[in-house]
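The values are calculated or read from the model by the stated rules, or taken from the named source; none is laboratory data. None of the values given here were measured: they were computed from a predicted structure. Every residue, glycine among them, receives a Cβ derived from its backbone with ideal geometry; neighbour counts consider all protein chains shown. Surface areas here come from the heavy atoms of the whole protein model, side chains and all, with no ligands, DNA or RNA. Shrake-Rupley method; radii C 1.70, N 1.55, O 1.52, S 1.80 Å.
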Amino acid sequence: EMLSVPLDGPGGEALPDFAELSMTLGIELYLLGRMNEALARAETARRRYEQRGDLLKVGDCLRWISRFSYLNGNRVAAEVNAAEAVRLLSSQPPGGELAMALSNQSQLASMADRVDECLRAGEAAIRLAETVGRHDIICHARNNMGTMRQWQDLDAARNWLTANRDAALADDLQEHAARAYCNLGCVLINWFAYAEAEQVLSVGVSYCVERDLDTWRDYMRAWQGELALRIGRWDEAAAIAQSVLDNPAVTPLSRFPANLTLARLRTRRGDNADVLFRQLDQYLVRGREFQRLAPFAVLRAEAAWITGHGQEKALALLQ
């Protein structure tokens, strides 16, 4: 196995082994939005750790694979790997790996608007993370839980996410800060606080551009397009959505809201949006969740109303 035995670096320090290098590269590729490559690196790392019987590392790889799969548009694979990570890590001494796996499940639940499940898994993750001093995991879980609190108390959700963003910025937890900008912006759009959302997303995109956090930059850019459409800046919405879709490195997760915006805009303008509708259909085949299914169902209904055809597909989604 390449580099399986620690070697001495220039300063006499031990160099990481191949599995660790592979997983580290996978995480960097994930931040850059290159999900297929990230998944391949994570799978390589998982196999290496499995061969040597390092179950903690195997479980951690499975949690990363779950995350990468979700951003790659495959919610089914994300759920399967998330559950397997928790199952495997629950048989090992509890620590940061299990806490993060629980927070990952909380995150998946938040994306599906399963409020109770999100809060329950998030609280379990925080309790365990506190015992091992992992403030980054606490921040991750609070991002999930703050987003779900929008369905209970909007002001509390806004305050929770804002405080969590500020904490992430203070500790230079860059991915967590990017997620907080993203989640806060989306919550504000959900509740029609458009001026505040525009400010949050603008600052968030700049933050990500400065730090090469392409995954979160692209997702927030897609939501900037949605916001522009909602407030009547149609040409700007089209330009933003198209710029996201024209980038071949954009993840399926980021392509979805951009696709949705452009399909709605083309439908309203009387232009052909068939290709966009097919792409949206294909995305939902790999795992439906309310926050993506609901706007697509509304779009189908609007298209049926405007064009006079497609009522059956619209009704099937609405029901």
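If you check E50, E20, E79, which single one turns out to be free of Cβ contacts under 8 Å to residues at least 12 places away in the same chain and part of a helix (DSSP H, G or I)?
E50
Just the residues that are open to solvent by 50 Å² or more (accessible area, probe 1.4 Å) and in a helix (DSSP H, G or I), please, taken from the range 84-94.
Matches in the range 84-94: E84, R87.
For A228, indicate whether it is farther than 20 Å from A38 by Cβ, out of contact with any strand residue (DSSP E or B) (no Cβ under 7 Å at 6 or more places or on another chain), open to solvent by 60 Å² or more (accessible area, probe 1.4 Å) and hydrophobic (A, V, I, L, M, F, W, C).
So A228 does not fit the description; no.
Right, L253: of a type outside the set (K, R), under 30 Å from Y207 (Cβ atoms) and within 24 Å of the chain's Cα centre (by Cα) or not?
On the way: of a type outside the set (K, R): yes; under 30 Å from Y207 (Cβ atoms): yes; within 24 Å of the chain's Cα centre (by Cα): yes.
Taking the combined requirement at face value, the residue satisfies it.
Can you work out which of the residues in the range 95-135 that are part of a loop (DSSP other than H, G, I, E, B) and free of Cβ contacts under 8 Å to residues at least 60 places away in the same chain is least open to solvent (accessible area, probe 1.4 Å)?
Narrowing the range 95-135 to residues part of a loop (DSSP other than H, G, I, E, B): 95, 112-114, 132-134.
Still in the list and also free of Cβ contacts under 8 Å to residues at least 60 places away in the same chain: 95, 114, 132-134.
Values: G95: 8, R114: 82, V132: 65, G133: 48, R134: 87 Å².
This residue is G95.
For the range 284-319, what are the residues that are more than 18 Å from the chain's Cα centre (by Cα), surrounded by fewer than 17 Cβ atoms within 10 Å (Cβ to Cβ) and of a type outside the set (A, V, I, L, M)?
Matches in the range 284-319: E302, W305, T307, G308, H309, G310, Q311, E312, K313, Q319.
Residue pairs, Cβ under 7 Å, 6 or more apart or interchain, first in the range 265-279 and on the phi < 0 side of the Ramachandran plot, second aromatic (F, W, Y). List them.
L265/W234
When you check A195 against the structure, is it in a helix (DSSP H, G or I) and closer than 22 Å to A303 by Cβ, yes or no?
no
Quick test of your reading of the structure: G33 fulfils all but one of (1) in a helix (DSSP H, G or I); (2) open to solvent by less than 10 Å² (accessible area, probe 1.4 Å). Name the failing condition by number.
Condition not satisfied by G33: (1).
Within the range 172-194, which residues are open to solvent by 30 Å² or more (accessible area, probe 1.4 Å) and closer than 20 Å to A258 by Cα?
Answer for the range 172-194, where residues must be open to solvent by 30 Å² or more (accessible area, probe 1.4 Å) and closer than 20 Å to A258 by Cα: N190, W191, F192, Y194.
Residues in the range 195-218: is at least one under 21 Å from Q107 (Cα atoms), among the aromatic types (F, W, Y) and touching a Pro at 6+ places or on another chain (Cβ under 8 Å)?
No, the range 195-218 contains no residue that is under 21 Å from Q107 (Cα atoms), among the aromatic types (F, W, Y) and touching a Pro at 6+ places or on another chain (Cβ under 8 Å).
Return the total of residues in the range 195-204 being touching a residue at least 24 places away in the same chain (Cβ under 8 Å) and open to solvent by 20 Å² or more (accessible area, probe 1.4 Å).
Final tally of qualifying residues: 1.
Specify which of the listed residues (T162, T215) is of a type in the set (S, T, N, Q) and free of Cβ contacts under 8 Å to residues at least 24 places away in the same chain.
When all the criteria are applied, what remains is T162.
Suppose we filter R268, R255 for residues that are in contact with a Phe, Trp or Tyr (Cβ under 9 Å, 6 or more places away or on another chain), within 21 Å of N72 (Cβ to Cβ) and open to solvent by 60 Å² or more (accessible area, probe 1.4 Å); which single one remains?
Answer to the selection: R255.
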